[in-house]
1. With just the Cα atoms of the range 410-498, tell me how far they stretch along each of the three principal axes, in Å, largest first.
2. Just to be sure I understand the model, the point goes 7 Å from the Cα along the line to the Cβ. What's the resulting Asp319 to Ser157 distance in nm?
3. As an exercise, use a Förster radius of 41 Å and the Cβ-Cβ distance of Ala501 and Arg208 to find the FRET efficiency, rounded to the nearest 0.05.
4. Hey, with R₀ at 35 Å, roughly what FRET efficiency would Glu327 and Leu60 work out to, going by the Cβ-Cβ distance, to 0.05?
5. Give me the distance in nm between label points sitting 7 Å out from Cα along the Cα-to-Cβ direction at Phe349 and His200, one decimal.
6. What percent do you get for the relative contact order of the range 3-236 when only Cα pairs under 8 Å and 6+ apart count?
7. Add -39500 (n - 2.57) for each DSSP H run of 4 or more in the chain, then divide by its residues: what number comes out at 222 nm, to the nearest 500 deg cm²/dmol?
8. Have a look at Val102, Trp373, Gly404 and report the one farthest towards the positive end of the charge dipole of the chain, computed about the Cα centre with Cβ charges (Lys/Arg +1, Asp/Glu -1).
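All of the numbers you see were taken from the coordinates with simple rules; none came from a lab. These numbers come from a predicted model, not from an experiment. Because the Cβ atoms are built from the backbone with ideal geometry, glycine has one as well, and the counts that use them run over all protein chains shown.
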Amino acid sequence: MDVELRGITKRFGPVTANDDVNLTIRAGEVLGLLGENGAGKSTMMNILSGLYSPDEGQILIDGKPVDFEGPGDGIAAGIGMVHQHFMLVPVFTVAENVILGVEPTGRFDYLDLATARKQVRDINEKYGLQVDPDALIEDLPVGIQQRVEILKVLFRSAEVLILDEPTAVLTPQEVEEFFGIVKSLRDAGKAIVFITHKLHEIIEIADRINVLRGGRITGEGDPKTLTENQLAEMMVGRPVSFDVKKGPFDPKETLLEVKNLVVLRENDEIAVNHASFHVRSGEVVGIAGVQGNGQSALIEAVTGLHHVTAGSISFLGKDITNASARERHRMGMAHIPEDRHKSGMISNFTIYENMVLNTYYDDRFSNGPNIKWPEVLKTAAQYAIDFDVRTPSVYLKAGNLSGGNQQKMVVARELERETKLVIAAQPTRGLDVGSIEYIHSRLMDARDEGDGVIIVSSELDEIMSLSDRILVMFEGRIVAEFDATAGPVDKNAVGLAMAGAHE
């Protein structure tokens, strides 16, 4: 099935998200779609899937115009969208999630779960997805949950699959397996739109690339001949440097000391198992590990968001093991959380309210019972400019921003104040190359100005390029440490430690 978007324009008030866009999607091809945060990629795909209606232009399927009045029409036409944030019911099985809304029924309209499981197995085998239909979603790793989302659209007979930032939360190993699935879908004749910010991935997986900037298609080309630098410049409109610029390594006093830390999960299983490490002024400590090996619990314990079962945490020479998150914040600890929706922002609050969520009570913004709103608005507007948060106004609700712009809003709030220790968990997840370049430079500025910096990232390249020391976590323990100041660290050695093959 071939799809053509012709002259698509979509406006939201004074903002033009898509401006006269022309795009062709062909069967048996992976179309890579690149663009900065807020470039209009997701809006265009929401139009294609029926979630939005265009203000101008039309969609053609196999040369015939179609008019979608809702996502049901898009699904009926054979278009399926796998969203960046999974839409799964954790306590349901794989099969139950896949059939939700289109349940097969038998005699007397009873749910025919046996047929559903067989259909899911058949799709599994056809495309090599390797998912157990009877497994509970909450028990599955992120990479397998991604496959369940693909199963859902294939179950609905999708011929066009829109993959929105599909590798954002996958490990390098899971990405490799996922690419195998994408290629098998392409070889089976499916048309695939692959939306990402990761240039090396789109060069590897795409058959053709289109670039969006400012709501318009500004470039296209063959991934076999385009370089990452060329793509980055097409996206951002200027040359982008991929080299992280660091000042000389000159660590000073110890700022944070963690000793024999034990943290339990909600089910009382050990998440962090007697972890000990320290962070000094003027250094970046990267924490590497396959997702689910205790990194999240460790960071939440250090920032005061998770109860500590045993061990101690000291910051600036003071025991903060039982201190509140606000106390740690006031001491100069900044936290860019792993999940911005859960811990970093309130979607129904405006951008300016989110910009002062953890400082509204300071003298700068408060005179006691009243908040100084003019100062809040002025500050929020400056933060948005400094961090290139793409928005028509700081009065906009944060939930209406693109994912990347939400992330930049959170990063701006945390870094635009006096800090001693910056804890950044997945700081560039979902960001475009220009934003990544800027946030990396701000983290390095903090380090060069004497802050300690902790970085947790699923991107091993990010850990290796930013860190002065690298710690590797496996099954809740810190199992290896690498000195990145003495020369390049062996990536294979780090990867082996992440897999548990450590000395």
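1. Largest first, the range 410-498 extends 36, 27, 27 Å along its Cα principal axes.
2. Calculated label separation equals 6.7 nm.
3. With R0 = 41 Å, the Cβ-Cβ based efficiency is 0.55.
4. Plugging the Cβ-Cβ distance into 1/(1 + (r/R0)^6) gives 0.05.
5. That separation, rounded to one decimal, is 3.6 nm.
6. Taking the mean separation of contacting Cα pairs over the length of the range 3-236, I get 29 percent.
7. The helix-only estimate for the chain comes to -9000 deg cm²/dmol at 222 nm.
8. Most positive-ward Cα: Trp373.
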